[in-house]
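Only one structure is covered here, and it is reproduced in the block below.
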Amino acid sequence: MKACDVLRTFALIAGAPSFADHLNQASRDFFSAVKDGLAAAGVPFEVDPALVRGLDYYTHTAFEFVTTHLGAQGTVLGGGRYDGLIAELGGPPTAGIGWAGGIERLVMLANAVPPAPRPVAIAPLGAAAEAKALGIARALRRQGIAVEQDYRGNMKRRMQRANKLNARAAIILGDDELARGVVQLKDLDSGVQREVAIDALAAELRD
């Protein structure tokens, strides 16, 4: 459609009769109740007499949610009531309302996803330590602490993988630590390593 055709169409619409002037009393009452409900909920709205949804089975109110942040593609979702649809399809009279949204447009409006929390890497040495590490990881995750486990390679490679994951700390557990109920907790930012009781790990990592 050419620009001149669009302008001519808008001029015709502006001079056309308004739907709002030709509603029966039931529709007027219904629409008033909708507007009162929106006002009571603090939802800003604008009545658009020229709004037309593309499906013939809409009844009563049709609506669109729009934004000024996406340029010309400002409608992000729309819908309305279709109380007569089920009956038209052969079913019992059933009230209905529905909407469809543009996923891409909604994503464009979404807030930036916060960065994932930096995990803690567990590096067990030996079969017994690996078994114990499973329980440690489970207990820490229940406390809301992100945990990555690594069982492959020597300690140097495990620390390299922990750094690649941007882990904030590494939990090192071998047979000696296991016998004493402790782990070596290494801060991967400062490089400081200290011994921590397994039962105190969650509290240490939350601080």
message: Between a residue in segment 9-26 that is under 11 Å from Pro49 (Cβ atoms) and any residue that is part of a loop (DSSP other than H, G, I, E, B), which pairs come within a Cβ distance under 7 Å, given they are 6 or more apart or on different chains?
response: Ile13/Ala50; Ser18/Pro49; Phe19/Pro49; Ala20/Pro49
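Residue-by-condition table, conditions (1) closer than 30 Å to Asp175 by Cβ; (2) outside any strand (DSSP E or B); (3) of a type in the set (Ser, Thr, Tyr); (4) in contact with a Lys or Arg (Cβ under 6 Å, 6 or more places away or on another chain):
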position	(1), (2), (3), (4)
Leu77	no, no, no, no
Pro92	no, yes, no, no
Ala95	no, yes, no, no
Trp99	no, no, no, no
Asn111	no, yes, no, no
Ala123	yes, no, no, yes
Ala128	yes, yes, no, no
Ala131	yes, yes, no, no
query: Of the residues Arg152, Arg168, which single one is over 30 Å from Ala72 (Cα atoms) and in contact (Cβ under 8 Å) with a residue 40 or more places away in the chain?
result: Arg168
- request: For segment 21-52, name all the residues that are hydrophobic (A, V, I, L, M, F, W, C), over 17 Å from Asp83 (Cβ atoms) and part of a helix (DSSP H, G or I).
  value: Leu38, Ala39, Ala40
Checking Ala137 against (1) open to solvent by less than 60 Å² (accessible area, probe 1.4 Å); (2) out of contact with any Asp or Glu (no Cβ under 9 Å at 6 or more places or on another chain); (3) closer than 16 Å to Arg206 by Cβ, the condition it does not meet: (2)
- request: Name the one entry in Gly144, Gly84 that is among the small types (Gly, Ala, Ser) and open to solvent by 60 Å² or more (accessible area, probe 1.4 Å).
  value: Gly144
- line: Picked from segment 171-187 (must be in contact (Cβ under 8 Å) with a residue 24 or more places away in the chain and in a helix (DSSP H, G or I)), the residue farthest from Asp199 (Cα to Cα) is Asp175
message: I need a count of the residues in segment 1-59 that are closer than 20 Å to Ala100 by Cβ, among the acidic types (Asp, Glu) and modelled with pLDDT under 80.
response: 1
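The values are calculated or read from the model by the stated rules, or taken from the named source; none is laboratory data. All of these numbers come straight from a predicted model, not from anything done at the bench. Positions of Cβ are generated from backbone atoms using ideal geometry, with glycine treated the same way; all protein chains shown enter the neighbour counts. For accessibility, only protein heavy atoms count, side chains too; no ligands or nucleic acids. Shrake-Rupley method; radii C 1.70, N 1.55, O 1.52, S 1.80 Å.
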